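So the structure is just underneath, and the comments pick up after that.
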Amino acid sequence: MDKDIITLTVHGKDFLGKVQGRKGQTVLEVLRDNHIHVPTLCYHPKMPPYGGCRLCIVEIENMRGLPPSCTTPAVDGMVVHTHTDRVFQVRKSVLELLLAYGDHNCLLCEQTGNCELQDLVYEHGIEKIRFKSDYKSKPLDDSNSMIVRDPNKCVLCGRCVRACLEVQVNGVIDVALRGSDSCISTFNGMSLKDSNCVFCGECVSVCPTGALTFKQARFKGRPWELKKVQTTCTYCGVGCQMELNIKDNEIVKVTSSHEIRGPNVGNLCIKGRFGYDWVKHPDRLKTPLIREEGIFREASWEEALSLIAQRFENIRVKSGPDSIAFFTSARCTNEENYIMSKFARAVIGTNNIDHCARL
Amino acid sequence: MTNSIEELEKADVILVAGSNTTGMHPVIASTIKRAVRSGKTKVVVVDPRKIELVNHAELWLRPKPGTDVAWLNGLMHVIINEDLHAKGYIAERTEGFEDLKQAVSTYSPERVEEISGIPKADLIEAARLYAKAPAASIIYAMGITQHINGTDGVKSVANLAMLCGNVGIEGGGVNPLRGQNNVQGACDMGGLPNVFSGYQPVTSKEVREKMGRAWGVESLPEKPGLTIVEIVDGAVKGDIKAMYIMGENPVVSDPDSHHVRRGLNSLDFLVVQDIFLNRTARLADVVLPACCFAEKDGTFTNTERRVQLVRKAVEPPGDARPDWEILCDLARHMGYPMSYPNASAIFDEIASLTPSYAGMDYARLADGGLQWPCPSKDHPGTKYLHKDGFARGKGLFHGIEWISPAEGTDEKYPFLLTTGRVLYQYHTGTMSRRSVALNERYPECLVEINEEDAERLGIKSGDKIRVSSRRGRIEATASVGDSVDLGTIFIPFHFAEVPVNELTIAALDPIAKIPEFKVCAVRVEMVGEE
Ligand code: SF4
Ligand code: SF4
Ligand code: SF4
Ligand code: FES
């Protein structure tokens, strides 16, 4: 038998029995791999566990207190209870405190319908907040055209901090101050715009609430209205896999996920993440243009293609196929490059074809 | 890349040479930074500019621009001298070692310091770091290739990797990073004057017959065609009469723009097919509107040879059509039957004619893509090349001598200009300059100049300065700092209104025909002075 295999007994919400995992995994990882639900908030599979939110707490027999499953190493023979009354009540109180110390009006929030806090509150059947607080609203960081930071919706899960430091290794943001004044801050509390932020958007992509949102996407469509189309970034040669989020024939935002297989494991950079607005720019070419006496006029496809065919044919007959040359494109698809190569060689009869590879 | 992006996290040492990775390939840069953070990997940066990765590097060597072959030879000199080379690997898998040994023998650290400005001790340390690592990867980009001796630079990189047994192992390799999204694919598909798809030479009768049969033509031209720069020369001379430019903007991207414009203006007939009326399109006789990546299906091949799907997400504006549809339609107008129901059918034809793509189809590419070579439907693709030896049998060392850049500095033109890219803009800027977000970050062309030089010339950040070379002059805003070394300046080429390629030199590497963008001599002065 594989000595790395461990067995845990689980009393779950709707599960009772034994599950297997590997040595070195946390309790949460074993449970998740076996599709057993435990609520989490600060945990994110892309980064090391933090153990800060206490939503993933469980009871483990012969262990004192309520250990967070996300940071507790799984040990062979453990007996884990994920949904005892005690556990449930603590989780509920944690959530109510989070609601009291913030401004979570879901009606006014971009993330409604795609918010882990909202889902958790619902899951725990919270109807009203028992705690009174003197919470004072904090100012937004709306300094740039890409990311809006609303500290009033922040649950201090620290995911954004770890995403910035551990995933993209930029280290732009951190948890500042202590106690009830805690907040996520850049160095010296600068706005994101003036900080070292490179606007990769990683922090936004992992934020479980509406504290970090993509500004260009705001009010452009509800999560459930967006159609996601997976594709390959058009900028650099990394070939990041991304999802274009579409509503009404418009790209509303660009997302990715570590669950999509690809060279980027869900990471993007500013160009792939935010540089898509040119797609619907009014300057886009919309019809063929033919130059007449120095100026362009609009033409139909039929007219433009007939003209090109006729001119190319004349030049080929008069000066030979090698008097015609093609620039194909490192921007176009493989299929298009192939077709242009075929066109140059089979239709015109020249090898005069090259592109910007060297540039 | 011989190896894969994910393998960077398995390398013990990564040598990053002439690649501003955080700017040009940000997601790869993150991978490298994560590797460093994990404690496993050490990074050695070799770059004339103080790039961001320097902050994560064990060691930074700052060579003078145009001295790559010299410092690469220097590294190899030290490695052989200290007996750190992979003798077993060299004996078993390579040939020409004596040649190499001979060639690098004169590149002592002292001499290399003289040529490149890299302190002797740093060179030795870098050599030891690289040579002693169980798996070491070399990453490079245009900083190495865009020189008159760029092919030599690439060969030298390969020499170094083979010398230490780093080719054909996981986490190692020779890894050029491709600038534009589908440079790899454009080359793979035969967008080159001498080869069909899969690098099958046009000079081979057998290959021509195979392609001819598939394409339904009796014969295909056997003489290799002209390269970009030769095409432009041909146009200037009148040998090239007509051109069809798809998705490129050579007036801004190519060296010596005056010359390019003259060439295009001399043509009898120019067709440009693009998504915007860029500077090149403005010179055309006919402009055709194309779809952008979000409006069509297809595939791109990334820098690690991974073929991945591009999917249509939105409808194109107006009458714009996918590039392949336009070309097929034009072929029909010229009496050649060419039609496909969709992009997937074109891909199937590619696979049937291209051995390295033979095992691929859209269904197989849907989840994570496939890395070529992928010769059959049951082949999983190839994570790293040369695992079981080199294609030609044995890896060949090339003894290479350093030659100085085509244009040196003198009293009249005392600065070395290097050109390149910045994170927030892309290529000739046709897309990125129309993005609100990207422009907010980098709205105008900045000339990076060293603080000491700037002080001597009385230049402050934000000042308008003029940069002139033997070919032209441009004006732009100065950015003073320590990102560039004394005596050098850096200008990105994304800005059509600051056409830096009016300054650059069209001197070509004799083999790869890559223009020498990275080095030319210029003068810098405040606007208003003469
Ligand atoms: S956008 Fe990227 S760099 Fe900026 S704070 Fe977020 S994770 Fe960090
Ligand atoms: S901003 Fe979002 S990710 Fe960051 S700590 Fe607050 S809730 Fe968590
Ligand atoms: S998201 Fe950024 S790193 Fe990824 S392919 Fe696009 S431009 Fe390159
Ligand atoms: S998810 Fe475990 S403590 Fe937050």
Subject >> Reachable aspartates and glutamates from A:LYS23, criterion Cα separation under 16 angstrom, eight or more residues apart if same chain >> reply: A:ASP2, A:ASP4, A:ASP33, A:ASP76
Original post:
Residue separation times 0.36 nm, minus the C-alpha to C-alpha distance between A:GLU61 and A:GLU293: what's the value?
Top reply: 74.7 nm
**OP:** Rounded to whole Hz and in sequence order, give me ³J(HN,Hα) for region B:359-371 from the Karplus expression 6.51 cos²θ - 1.76 cosθ + 1.60, θ = phi - 60°, writing x for Gly and Pro.
**Re:** x, 9, 8, 4, 5, 6, 7, 4, 10, x, x, 9, 9
Subject >> Ascending count of other beta-carbon atoms within 10 Å, so fewest first, for A:VAL204, B:VAL447 >> reply: A:VAL204, B:VAL447
Subject >> Within the protein assembly as shown: Cβ-based charge dipole about Cα centre, in debye rounded to nearest 20 (Lys, Arg +1; Asp, Glu -1) >> reply: 1540
**OP:** Within 10 Å of each Cβ in peptide B:417-426, how many partner chain Cβ atoms are there on average? Round it to a whole number, please.
**Re:** 2
Original post:
For the pair B:ASN194 and B:ARG473, what calculated FRET efficiency results from E = 1/(1 + (r/R0)^6), where r is the Cβ-Cβ distance and R0 = 35 Å, to the nearest 0.05?
Top reply: 0.45
Original post:
On a 0 to 90 degree scale, rounded to 10, what angle separates helix A:85-100 from the longest Cα axis of chain A?
Top reply: 60
**OP:** Going by C-beta contacts inside 10 Å, put B:ILE491, A:ILE5, A:ILE295 in order with the fewest on the left.
**Re:** A:ILE295, A:ILE5, B:ILE491
Original post:
For region A:1-53, what is one quarter of the convex hull surface built on the Cα atoms, given in nm²?
Top reply: 4.2
**OP:** Please give the calculated 222 nm ellipticity per residue for chain B, where each DSSP H segment of at least 4 residues contributes -39500 (n - 2.57) and the sum is spread over every residue; nearest 500 deg cm²/dmol?
**Re:** -8500 deg cm²/dmol
Subject >> Percent RCO, i.e. relative contact order, over region B:284-377, from Cα pairs under 8 Å lying at least 6 residues apart >> reply: 27
**OP:** Given the options A:PHE15, A:PHE88, A:PHE312, state which has the largest fluctuation in a GNM of chain A using a 10 Å cut-off (strictly under) for Cα springs.
**Re:** A:PHE312
Subject >> Orientation-averaged projected area, Cα convex hull of chain A (nm²) >> reply: 26.9
**OP:** Report, as an integer, the average count of C-beta atoms from other chains found within 10 Å of each Cβ along B:439-447.
**Re:** 2
Subject >> Sparsely packed trypsin sites (Lys or Arg not before Pro) within region A:54-109, loop by DSSP, other Cβ within 10 Å at most 14 >> reply: A:ARG64
Original post:
Size of the protein assembly as shown along its principal axes in angstrom, Cα-based, largest extent first?
Top reply: 89, 68, 67
Original post:
Ratio of chain B's C-alpha Rg to 2.2 N^0.38 Å, to two decimals?
Top reply: 0.99
Original post:
When the Cα centres of region A:47-116 and region A:142-221 are compared, how far apart do they sit, in Å?
Top reply: 22
Original post:
Taking 0.36 nm per residue of separation and subtracting the Cα-Cα distance, what length does fully extending A:ARG130 through A:SER257 add?
Top reply: 42.1 nm
**OP:** Evaluate the charge dipole of chain B about its Cα centre and quote only its size in Debye, nearest 20, assuming +1 on the Cβ of each Lys and Arg and -1 on the Cβ of each Asp and Glu.
**Re:** 740
Original post:
What full-extension length gain, to one decimal in nm, is calculated for B:ALA345 and B:VAL527 as 0.36 nm per residue of separation minus the Cα-Cα distance?
Top reply: 59.9 nm
Subject >> chain B - percent relative contact order, Cα under 8 Å, separation 6 or more >> reply: 17
Subject >> A:ASP2 versus A:SER319: modelled label distance in nm, points set 7 Å from Cα along the beta carbon direction >> reply: 6.8
Original post:
If each residue's Cβ is checked for other Cβ atoms within 10 Å, how do A:CYS42, A:CYS203, B:CYS187 rank with the fewest at the top?
Top reply: B:CYS187, A:CYS42, A:CYS203
Original post:
Rounded to the nearest 0.05, what FRET efficiency do A:GLU303 and A:CYS106 have when you use their Cβ-Cβ distance and R0 = 45 Å?
Top reply: 0.25
Original post:
Amide H of B:ILE14: which non-local residues (sequence gap of 5 or more, or other chain) have their own amide H closer than 5 Å, using H built in the peptide plane?
Top reply: B:LYS42, B:VAL43, B:VAL44, B:SER137
Original post:
Which one of A:ARG130, A:ARG178, A:ARG297 has the biggest mean-square fluctuation once chain A is modelled by GNM with Cα springs under 10 Å?
Top reply: A:ARG297
**OP:** Determine the shielding of peptide A:102-111 by partner chains: average, over its residues, the number of Cβ atoms on other chains within 10 angstrom of each Cβ.
**Re:** 0
Subject >> Sparse-neighbourhood loop sites, GluC sites (Glu not before Pro) in region B:417-479 - DSSP loop, at most 12 other Cβ within 10 angstrom >> reply: B:GLU444
Original post:
Give or take rounding to whole Å, what are the principal axis extents of the alpha carbon atoms in region A:80-173, in descending order?
Top reply: 44, 33, 25
**OP:** Scan region A:26-129 for GluC sites (Glu not before Pro) in coil per DSSP, keeping those whose Cβ has at most 12 other Cβ atoms within 10 Å, and list them by number.
**Re:** A:GLU61, A:GLU127
Subject >> Helix-only CD estimate at 222 nm, as mean residue ellipticity for chain A, using -39500 (n - 2.57) per DSSP H run (n ≥ 4) >> reply: -6000 deg cm²/dmol
**OP:** Determine ³J(HN,Hα), in whole Hz, for all residues of region A:42-50 in sequence, where each value follows from phi through the Karplus function 6.51 cos²θ - 1.76 cosθ + 1.60 and θ = phi - 60°; x replaces Gly and Pro.
**Re:** 7, 6, 9, x, 7, 9, x, x, 10
Subject >> Computed E for B:LYS120/B:HIS258 - FRET, C-beta separation, R0 45 angstrom, nearest 0.05 >> reply: 0.60
Subject >> Inter-label distance for B:ARG213 and A:ALA176, nm, one decimal - labels placed 7 Å from Cα along Cα-to-Cβ >> reply: 7.1
**OP:** Along Cα→Cβ, 7 Å out, is where each label goes; now give me the distance between the ones at B:ASN265 and A:PHE219 in nm to one decimal.
**Re:** 4.8
Subject >> Which of A:ASN34, A:PHE88, A:LEU140, positive extreme of dipole for region A:1-153 (C-beta unit charges) >> reply: A:PHE88
**OP:** Apply the Karplus parameterisation 6.51 cos²θ - 1.76 cosθ + 1.60, with θ equal to phi minus 60°, to every residue of region A:18-28 and state each ³J(HN,Hα) to the nearest whole Hz, in sequence, with x for glycine and proline.
**Re:** 9, 10, 10, x, 10, 4, x, 7, 7, 4, 4
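Where a number appears in this text, it was derived from the coordinates with a stated rule and is not lab data. Keep in mind that this is a model prediction, so the values were computed, not measured. Every residue, glycine among them, receives a Cβ derived from its backbone with ideal geometry; neighbour counts consider all protein chains shown.
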